[in-house]
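Encoded as structure tokens, the structure appears first; notes follow it.
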Amino acid sequence: MRPRCVASRASLAITVALVVGGAIVAPLPAADLSGTGIILPVVDRIGEPETAARVDAAFRGVLAMGIELQETTPLRDALRQRRIRQIHTAAPDELSELGRVLGFDWLVTITLHEAFANPVPQITLSAALYRIGEPVYEWIGVMASTGMDQVGWLAIGQINDLDALAEQAAAELARRARGDSQTLKTKPRLGVANSGFLETSGNTPQPGQRVAIAPLNSVVFLQPMRSAEIGTLALMAALHERGLQIVYPGLVRRIMLERGRLELGEVTSDLRLDLLRQAEADWVLTGTVEDFQAGGGINPNPRVAVGCRLLEVGDGHIVWMDGIDRRGSDSQTVFDRGRIFSAGALTLEIFRSLVAAFLPDKSGGVAG
């Protein structure tokens with residue numbers, strides 16, 4: 001059995017949460033890119049093939065420098081034969097078999113979640129690296145950007161072209177995966193949420209422990225699945241940023257399906273025990289996206305509300321639960337300085353604030 005509370009392996013990268021704003025802190029370890037890898041084509045959630053192609057080219061051009069990559073066609077053909085439409089839904093044993101047969105050690109998935117050209121360009125991307133044979137993600141990042149993020153005095157620095165923003169965001173996402181970024185900012189811009197603790201035993205998550213995420217539910221009226229997916233990934237990024245290992249979603253999905261149901265936001269006693277036995281998880285976290293509004297206009301002011309709860313896997317006790325309802329303007333100072341302009345970025349900042357409540361940075365280092 002795996003020790004119940006250990007530090008992450010040296011080869012396991014701590015995830016970065018990627019969003020403009022906050023205080024610059026010590027750089028996080030990069031993803032382990034040793035061995036042979038595959039970068040899969042961008043998953044286009046919104047039907048914008050031109051934007052997806054720009055994201056793919058920019059991300060691939062940066063990440064691929066100096067590393068060994070394999071052609072994607074054999075893996076894509078093998079996934080089709082097995083009727084696997086999304087790689088993160090595949091079980092670890094399936095990917096291990098594919099890696100053995102096709103000769104790759106790790107793979108990267110990139111997803112285009114949102115892209116708007118007008119009136120202010122916005123884009124939300126995610127990327128994840130999975131190393132074959134591991135039950136946890138090696139690296140995962142979320143990048144939510146708008147053309148307003150870099151604006152200084154006199155509106156200098158605004159980006160008005162979606163293509164330029166897409167290429168910039170994708171390239172920066174890849175640089176952060178490699179550990180080459182000079183602009184990583186991770187301090188929660190919304191401050192630390194209220195404690196939310198229900199237990200007084202003092203048993204709380206510690207860096208190096210393993211967390212399973214039951215995919216978040218969404219009760220928003222427009223595009224609930226999209227907001228649920230972005231929320232789930234933002235939660236993963238915020239947790240992994242503080243040193244927790246995130247159980248690979250394909251393993252969580254397989255365990256849920258073995259129980260005959262795939263209910264978003266639900267954690268049954270059987271699911272908890274299976275996560276303990278099969279994934280050796282220490283904690284399970286889930287929740288709900290309750291509001292997800294882009295804000296719109298030439299000066300977007302998004303609104304996002306989420307709630308989540310943290311359970312001990314072994315006994316099912318809810319040790320922490322909390323929720324936040326915020327607008328992008330909540331973090332601004334004079335002349336809109338510090339404002340968060342996209343719902344994707346605001347979601348990430350909300351989860352960073354929530355995670356900081358039950359996993360404070362005691363070292364004064366990475367996530368402080």
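Can you work out the Karplus-derived ³J(HN,Hα) for every residue in segment 82-88? Use 6.51 cos²θ - 1.76 cosθ + 1.60 with θ = phi - 60°, whole Hz, and x for glycine or proline.
Once rounded to whole Hz, the list reads 8, 6, 9, 7, 10, 4, 6.
Determine the percent antiparallel among the DSSP beta bridges restricted to segment 18-358, to the nearest 5.
Taking every DSSP beta bridge within segment 18-358, about 70 percent pair in antiparallel fashion.
Taking the convex hull of the Cα atoms, report for segment 18-358 its projected area averaged over all directions, in nm².
For segment 18-358, averaging the hull's shadow over all directions gives 16.6 nm².
PHE292's amide H: which non-local residues (gap 5+, or another chain) put their own amide H closer than 5 Å, with H modeled 1.01 Å from N in plane and none for Pro or chain starts?
Here the answer is ALA305, since their amide H atoms fall under 5 Å of that of PHE292.
Percent of alpha carbon pairs in segment 125-180 separated by more than 17 Å?
That fraction is 50 percent.
Note down the nm distance, to one decimal, between modelled labels 7 Å out along Cα→Cβ at LEU222 and at GLN81.
Label at LEU222, label at GLN81, 4.4 nm between them.
Once you have the Cα-Cα distance between GLU71 and VAL43, take 0.36 nm times their residue separation minus that, and quote the gain in nm to one decimal. It would help to have the intermediate numbers written out before the result.
Details: separation 28, 0.36 × 28 = 10.08 nm, distance 1.69 nm.
Using 0.36 nm per residue and subtracting the Cα-Cα distance, I get 8.4 nm.
When GLU138, GLU258 are ordered from fewest to most other Cβ atoms inside 10 Å of their Cβ, what list results?
In order of increasing Cβ crowding within 10 Å: GLU258, GLU138.
What's the ranking of 215-221, 249-255 by average number of surrounding C-beta atoms within 10 Å, highest first?
In decreasing order of mean packing, 215-221, 249-255 become 249-255, 215-221.
Quick one: if the Förster radius is 25 Å, what FRET efficiency do ARG337 and ASN160 give, using the C-beta to C-beta distance and rounding to 0.05?
0.80
Report relative contact order for segment 18-358 in percent, whole number only (criteria: Cα-Cα under 8 Å, sequence separation at least 6).
RCO, segment 18-358: 19 percent.
So what J values fall out for segment 61-69 if you push phi through Karplus, 6.51 cos²θ - 1.76 cosθ + 1.60 with θ = phi - 60°, rounded to Hz, Gly and Pro as x?
Those phi angles translate into x, 7, 5, 7, 5, x, 10, 8, 10 Hz.
If you average the alpha carbon positions of segment 95-172 and of segment 258-332, how far apart do those two centres end up, in angstrom?
Between the Cα centres of segment 95-172 and segment 258-332 lies a distance of 22 Å.
Antiparallel as a % of all DSSP beta bridges within segment 32-122, to the nearest 5?
Expressed as a percentage, antiparallel bridges in segment 32-122 total about 10.
Could you give the size of the charge dipole of segment 18-358 about its Cα centre, using +1 on the Cβ of each K and R and -1 on the Cβ of each D and E, expressed in debye and rounded to the nearest 20?
Roughly 220 debye for segment 18-358.
Which of HIS317, HIS88, HIS113, HIS240 has the fewest other C-beta atoms within 10 Å, and how do the rest follow up to the most?
Details: HIS317 14, HIS88 18, HIS113 21, HIS240 27.
Final ranking by Cβ density, sparse to dense: HIS317, HIS88, HIS113, HIS240.
Which residues' amide hydrogens lie under 5 Å from the amide hydrogen of ILE132, considering only partners 5 or more residues apart or on another chain, with H built in the peptide plane?
When sequence neighbours closer than 5 places are left aside, the close amide H contacts are TRP106, LEU107.
Values quoted throughout were computed directly from the atomic coordinates according to the rules given, and no laboratory measurement underlies them. From a predicted model like this one, the values you see are computed outputs, not experimental measurements. Positions of Cβ are generated from backbone atoms using ideal geometry, with glycine treated the same way; all protein chains shown enter the neighbour counts.
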